[in-house]
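The structure appears right after this line, and notes come after that.
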Amino acid sequence: LVLSRCTSGGQKFDRSSVRVAQDSIDHYMIQFFLSGTVDMTWRGRATRMGPGGVLGFDFVESLDSSNTDFDLLSVIIPRRRLAPLLMRPEAMQGALIDPHGGAGRLLTGYVATLFQVAPTLDPVEAGPAARSLIELTALAFNGVVLRDGDIPDAGLQPVLLRIQAWIRDHLHRHDLSPEMIADRTGVSRAQL
């Protein structure tokens, strides 16, 4: 896990699908905005969030965002640690947590405290603290209200996870194609 605090002037971030394929970063990032705003677009959707907001990012998704001057806390969690706990691991990009709801308050309070005490944790304490952070993150993001058009078919979730894992493991292949993915994961190209 990576914990960081970033204070900066306004910035623009662009993470293209080409960049995603090149760097193979397979993590989620959760940002807790202390001040400033972000305007984010991905897959034709837009999100705006301001101070006090909690926003999820998925580094395997492309992204275009602009920030005003900001101060934020970031938590970066490897997919392999968080995805198994999420009901919708593919829906983290742009997911907004209600920081005033029960799970949102638990997560934001824990993150604020963790940032204060992390330098004093010994290795024996750090492991359970990290596991608690991951579990609270899953709790909060599992409670996110679905957006229109985002209602998943729960029966396809295991298939989707298997396909995503296979793709992540084979992104380095120059001959990667929809046909190859479908063939190797046991689904039709149309289903893929």
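The values are calculated or read from the model by the stated rules, or taken from the named source; none is laboratory data. These numbers were taken from a predicted model, which means no experiment stands behind them. As a convention, Cβ positions derive from the backbone with ideal geometry for all residues, glycine included, and neighbour counts pool all protein chains shown. Just so you know, the surface numbers come from the protein's heavy atoms only, side chains and all, with ligands and any DNA or RNA stripped out. Shrake-Rupley method; radii C 1.70, N 1.55, O 1.52, S 1.80 Å.
Among the residues of segment 54-104, those identified as open to solvent by less than 30 Å² (accessible area, probe 1.4 Å), in a loop (DSSP other than H, G, I, E, B) and hydrophobic (A, V, I, L, M, F, W, C) are 86, 92, 95.
Put simply, of 111, 124 the only residue that is on the phi < 0 side of the Ramachandran plot, free of Cβ contacts under 8 Å to residues at least 24 places away in the same chain and either surrounded by fewer than 16 Cβ atoms within 10 Å (Cβ to Cβ) or assigned to a helix (DSSP H, G or I) (or both) is 124.
How about segment 1-39: which of its residues are at pLDDT 85 or above, in a strand (DSSP E or B) and within 30 Å of residue 173 (Cα to Cα)? Passing the criteria: 2, 13, 14, 27, 28, 29, 30. Pick from segment 171-191 the residues that are over 22 Å from residue 59 (Cβ atoms) and outside any helix (DSSP H, G or I): which of them is most open to solvent (accessible area, probe 1.4 Å)? Residue satisfying both the conditions and the ranking: 189. Taking the condition of a type in the set (Phe, Trp, Tyr), closer than 28 Å to residue 109 by Cα and open to solvent by 30 Å² or more (accessible area, probe 1.4 Å), does residue 32 pass? The answer is no for residue 32. Flag not set for residue 8, criterion: touching a residue at least 12 places away in the same chain (Cβ under 8 Å), in contact with a Phe, Trp or Tyr (Cβ under 9 Å, 6 or more places away or on another chain), open to solvent by less than 40 Å² (accessible area, probe 1.4 Å) and within 15 Å of residue 134 (Cα to Cα).
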